[in-house]
Amino acid sequence: MNYILNILRRRRGDAKSYRQRFLYEPVTEGDTIATALTELNNREVLADTDGTPAEPVEWECSCLQKKCGACAMVINGRPQLACAARLIDFSRQEIMIEPLRKFPVVCDLVVDRSILFENLKTLHLWLSREAELPDRYRELAYQASECIQCGCCLEVCPNFCVNGRFFGMSSVPVTTRLLTEMPVNEAKEIAKLYARHTFAGCGKSLACKDICPKGIDTEKLLVNANAMAVWKRRKGK
Amino acid sequence: MSDMKTVNIIGAGLAGLSAAITLARAGVSSNLISSQPSERAQSVLAEGGINASLNTMGEHDTTTEHFADTMKGGCFLSSERAVGGLTENAPSIVKELAALGVPFNAQNGRLLLRNFGGQKKKRTAHAKSSTGKMIMSALIDEARKYEAQGLIRRFPNHELICIDVHDNVLANVTVRDNYSRKYLRFTGAAILCTGGLNGFFEGMTTGTTQNTGSAAAIAFCAGAEFANLEFIQYHPTTVSISGKRMLISEAARGEGGRLFIMRNGKPWYFMEEKYPELGNLMPRDVVSREMTAVVSMPECTGSVMLDLTGLSADVWSGKLSDLRAEIMSYMNIDPKLSPIPVSPGIHYFMGGIRVNIRHETSVKNLYAAGEAACQYHGANRLGGNSMLGAIYGGKVAALSALETAAKASIDSVNAKAESSLPKNRTKLCCILSSGLGMIRSEQPLIKAVADLDELLKSGTLNEIDRSRTLLGKAMLLSALARKESRGAHTRSDYPHTSADFQKTTVAGMHNGEVIIRFAAIDESEGSPK
């Protein structure tokens, strides 16, 4: 089956948005939205379905195998990684593609996610001493280290907005890792900032559950981070 | 801040982070410039582990043996002093990573090590099969501490577009903010940590799309010498997925995976039969060559298969759960139940910017580390040595750079740089692939050089594509000049290793021409010239 990629475009952050449709013929069963976008941009002349010449579609990618988070975008209404979105898994021929809506658009599907990293800095998320990682917490630290900072969890969060006081789920994995590796009484600053910027603002909607492209159990990390930062006890399960 | 000594670092993967953290700990600030945030760097793809003779497995391992295995695996084309430094420092590096909270597999505080290719003893510390991601997460957090102190200043979304060299001394680097499209010029010393040359073989490697090789091409045309460009590692166990090759970590064989091919209707475990001592864990160059050979035998049918069905439940749950999920996701095969078809794919570039043991390039005040640089791995890199080389190399480069670091400036400038065009990248990739497959010979290499010359004369190349094509030509000419087979460089017309070629292939630009020469393996602390 051929597919039509219906892409919400904006050539600059302050320009007007418009939609443009492109025809894509898959080459293999494994073709993804990332494959399709790469092929579109490799065409000698890119034209939309009306035959109108088009500028290459700006988007970000890096690993193409769900390990880096660069290519997060909204596909058929769901935030996900373009490199993991296989075309054959879509039942409709026309696929709607949009940039993540919570972040400022740079160009087309490229959004500025720098706030993610700024927030981690504001939360003082670093080790202030040598890590102490007992075996029973190793698996939790591993899972917490898997976060790729793609922003998908924030896209669906009813409480997160860029520059808001609430920093959202993307700050939880890093917090969990660090609190797992430090005695609770030596992580007071992290705990205080977490309580202010994450715990207090989280409406516990758990909209972020099952949205993480890495399959991180967000609820588990949240429960652990809350236990360590707010209730001052380690869970580790 | 403005009066502080500052070093510019291009690339924020393992080598770049290691350099930035090293500088920060010494009180020297850095500008950490990268086309995307560290979370997107190729280092997060590293899987199987990091080598260090920690000797925690009761096998009496030593740094001497790590050194000997690395030298032998690299077919004696590495600097002994450099490899000595690498292997001597490996245990303290891994201990430091553990202290930074990397959740390595461990038992009662003892780091567990696994077998890896080309090494007889268990030496590879690991965090399941996602070791690169785990190490990166810890180093990113550590770097953040210094970002908050103003010692590391990040410039994400910034791409290198120009290296300005005057009288063989680095004058400045210019970068483009790919979000604002504005240009900045950084004076002062710079460390290139820009990764391998994946972009020269687009879609054919296990690496990321961000490692375009353009930064290397810019450095080459600015006057930096390159070394050993002909040595391209084909990893034995990769699979084709949409848009790239996906790595099946060497950890799969380290934990007991076996390679076989159907011969006369029966599985033939050819590596175990031919190499009884190391079997499936021979160095990567050997395994890949053997795989290529058996596939072409008339009595053999189908692909080489990687059989992981005999691995224990504990290995799957505790050490390779991530690898299994990945294989199931992209290949729709459960490796616990069925063998998987694998074939060699481009994985690592042993060659790169020529550096001495202090990681100084041939251009004064310009340094290089990580896969961007040619150091430690000789003609063939051992699995588990890449992350080690990146972290150690980043440290060494930083320690060298801080000796001469001075106050640096950042200025907005008017500039315009064209991007590499897809059609030019595709042409270059096709030509390079025709000459630089796993098995090379003179005629295809000569033809490929002629094709590149034609492309260079065609007038269709913009500046960056021209630079890329010239570096590509240097790769071909290096392979043509090395009339022997050694490590990852196999010549069908020169099948034997020759003592005459136990030298470094050096590529440089002189008066607009690519010049290749051979130099003694550098053991000096001075300039690689």
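The values are calculated or read from the model by the stated rules, or taken from the named source; none is laboratory data. Note that the coordinates shown come from a computational prediction; the quantities given were computed from them, not determined experimentally. We place every Cβ from the backbone using ideal geometry, glycine too, and count neighbours over all the protein chains shown.
Things to note:
- Qualifying residue in the stretch B:337-357 (condition: part of a helix (DSSP H, G or I) and either buried (at least 21 other Cβ atoms within 10 Å of the Cβ) or not β-branched (Val, Ile, Thr) (or both)): no
Residues checked against (1) aliphatic (A, V, I, L, M); (2) at pLDDT 95 or above; (3) in contact with a Gly (Cβ under 9 Å, 6 or more places away or on another chain); (4) part of a loop (DSSP other than H, G, I, E, B):
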site: A:Leu120; (1), (2), (3), (4): yes, yes, no, no
site: A:Ser128; (1), (2), (3), (4): no, no, no, yes
site: A:Ala131; (1), (2), (3), (4): yes, yes, yes, yes
site: A:Tyr137; (1), (2), (3), (4): no, no, yes, no
site: A:Ala141; (1), (2), (3), (4): yes, yes, yes, no
site: A:Glu146; (1), (2), (3), (4): no, yes, yes, yes
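- Residue match in the stretch A:129-144 (condition: over 28 Å from A:Lys204 (Cα atoms), in the same structural domain as A:Asp31 (by TED's automatic domain parsing), surrounded by fewer than 23 Cβ atoms within 10 Å (Cβ to Cβ) and free of Cβ contacts under 8 Å to residues at least 60 places away in the same chain): no
- Pick from the stretch B:312-334, criterion under 22 Å from B:Pro344 (Cβ atoms) and of a type in the set (A, V, I, L, M, F, W, C), ranking: farthest from the chain's Cα centre (by Cα): B:Ile333
- Any chance B:Ala398 is over 18 Å from B:Ala15 (Cα atoms), modelled with pLDDT of 95 or more and not β-branched (Val, Ile, Thr): no
- Residues of the stretch A:151-160 satisfying the condition of being out of contact with any helix residue (DSSP H, G or I) (no Cβ under 8 Å at 6 or more places or on another chain) and surrounded by 15 or more Cβ atoms within 10 Å (Cβ to Cβ): A:Cys152, A:Glu155, A:Val156, A:Asn159
- The number of residues in the stretch B:315-330 being closer than 17 Å to A:Ala84 by Cβ and in contact (Cβ under 8 Å) with a residue 40 or more places away in the chain comes to 5.
- Qualifying residue in the stretch B:229-249 (condition: away from every other protein chain (no Cβ under 14 Å), in contact (Cβ under 8 Å) with a residue 12 or more places away in the chain and on the phi > 0 side of the Ramachandran plot): no
- Filter result (more than 18 Å from B:Ala217 (Cβ to Cβ) and either in contact with a Gly (Cβ under 9 Å, 6 or more places away or on another chain) or surrounded by fewer than 17 Cβ atoms within 10 Å (Cβ to Cβ) (or both)) within the stretch B:470-482: B:Leu480, B:Ala481
- Filtering the stretch A:168-181 to residues that are within 14 Å of chain B (Cβ to nearest Cβ) and in a loop (DSSP other than H, G, I, E, B) leaves only A:Glu181.
- Among the residues here, B:Ile439 qualifies as closer than 28 Å to B:Met291 by Cα, of a type in the set (A, V, I, L, M, F, W, C), touching a residue at least 60 places away in the same chain (Cβ under 8 Å) and touching a Ser or Thr at 6+ places or on another chain (Cβ under 6 Å).
- Members of the stretch B:128-156 found to be within 20 Å of B:Ala15 (Cβ to Cβ) and more than 8 Å from chain A (Cβ to nearest Cβ), listed by number: B:Thr131, B:Gly132, B:Ile135, B:Met136, B:Leu139, B:Ile140, B:Ala143, B:Tyr146, B:Leu151, B:Ile152, B:Arg153, B:Phe155
- Residue match in the stretch B:412-425 (condition: touching a residue at least 12 places away in the same chain (Cβ under 8 Å), touching a strand residue (DSSP E or B) at 6+ places or on another chain (Cβ under 8 Å), closer than 21 Å to B:Phe186 by Cβ and assigned to a strand (DSSP E or B)): yes
- Subset of the stretch B:109-127 [part of a loop (DSSP other than H, G, I, E, B) and more than 7 Å from chain A (Cβ to nearest Cβ)]: B:Gly109, B:Leu112, B:Asn115, B:Phe116, B:Gly117, B:Gly118, B:Gln119, B:Lys120, B:Lys121, B:Lys122, B:Arg123, B:His126
- Residues of the stretch B:35-94 classified as part of a helix (DSSP H, G or I), more than 14 Å from chain A (Cβ to nearest Cβ) and of a type outside the set (Lys, Arg), total: 22
- Some residue of the stretch A:109-116 being buried (at least 21 other Cβ atoms within 10 Å of the Cβ), under 30 Å from A:Glu189 (Cα atoms), touching a Gly at 6+ places or on another chain (Cβ under 8 Å) and within 12 Å of another protein chain (Cβ to nearest Cβ): yes
- You will find that of B:Ser492, B:Ser467, B:Ser485, B:Ser434, the residue that is buried (at least 16 other Cβ atoms within 10 Å of the Cβ), over 30 Å from B:Asn8 (Cα atoms) and away from chain A (no Cβ under 14 Å) is B:Ser485 and no other.
- If you go through the stretch A:203-237 and keep only what is touching a Gly at 6+ places or on another chain (Cβ under 9 Å) and either among the polar types (S, T, N, Q) or farther than 20 Å from A:Glu146 by Cβ (or both), you end up with just A:Asn224.
- Residue within the stretch A:90-102 that is of a type in the set (Gly, Ala, Ser) and out of contact with any Pro (no Cβ under 9 Å at 6 or more places or on another chain) present: yes
- Qualifying residue in the stretch A:46-63 (condition: modelled with pLDDT under 95, outside the structural domain of A:Ser145 (by TED's automatic domain parsing) and either of a type in the set (Asp, Glu) or buried (at least 17 other Cβ atoms within 10 Å of the Cβ) (or both)): no
Residue-by-condition table, conditions (1) surrounded by fewer than 24 Cβ atoms within 10 Å (Cβ to Cβ); (2) under 30 Å from A:Leu40 (Cα atoms):
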{"residue": "B:Cys374", "(1), (2)": "no, no"}
{"residue": "B:Met387", "(1), (2)": "no, no"}
{"residue": "B:Lys395", "(1), (2)": "yes, no"}
{"residue": "B:Leu428", "(1), (2)": "no, yes"}
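- Hits in the stretch A:5-20 (condition: away from every other protein chain (no Cβ under 13 Å) and either surrounded by 14 or more Cβ atoms within 10 Å (Cβ to Cβ) or over 23 Å from A:Gln80 (Cα atoms) (or both)): A:Leu5, A:Asn6, A:Ile7, A:Leu8, A:Arg9, A:Arg10, A:Ala15, A:Lys16, A:Gln20
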